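Written below as C-alpha cells is the structure these notes are about.
Just so it is clear, none of the values below were taken in a lab; they were calculated from the coordinates. Since we're looking at a predicted model, the values are computed, not measured.
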Amino acid sequence: MSNSALFLVVLITAIFMVVAALVIAKLLAPTSTNPLKGDPYECGIPTRGTSWMQFKVGYYLFAILYLVFDVETVLLFPWAVTMKDLGAQGLFCVLFFIIVLALGLAYAWKKGALKWK
C-alpha cells in the first residue's frame, strides 16, 4: 500500500470515528424538557439582569501575554533536549527567538499592558 493510500485510509477512519462518536453521544445523551435547563447560572446562583456584560480589555491582554510566554516555554523544551545536536546555529536561532519575545515583552510593558488598573 502506498503512502497516499495509507494516509487516505487513516483519514477516512478518523473521520468515521469522530462522526460515530458524535452520533452515539447524541443518541445516548439524556435530554431534559425543563425550560430552566437553558438558563445561565454561575456557581448555581441565578444571574440578575442581563448575562451580556463588557469585560475590561486588560483581561484579554493578560491572557494573550500568558499564551505567548507559555508557547515560548513549550518551544524551548525540545530545543533544550536537542541542544547538543544543533550546535552553534541552534544557539543563535534560539537567541533570536528569545530576543524577539523580549522585545514583545518590552513593548507590552512600555504600552502599560502589564499594569493592573
222 nm mean residue ellipticity, helices alone, for the chain (DSSP H n ≥ 4; -39,500 (n - 2.57); rounded to 500): -24000 deg cm²/dmol
Karplus-derived HN-Hα couplings along the stretch 96-110 (A = 6.51, B = -1.76, C = 1.60, θ = phi - 60°), whole Hz, x at Gly and Pro: 4, 4, 5, 5, 4, 5, 5, 5, x, 5, 5, 5, 5, 5, 5
Identify which of 94, 18, 71 has the largest mean-square fluctuation in a Gaussian network model of the chain, with springs joining Cα atoms closer than 10 Å. 18
For residue 111, give me every one of the lysines with a C-alpha distance below 27 angstrom, ignoring sequence neighbours fewer than eight places off in its own chain. 56
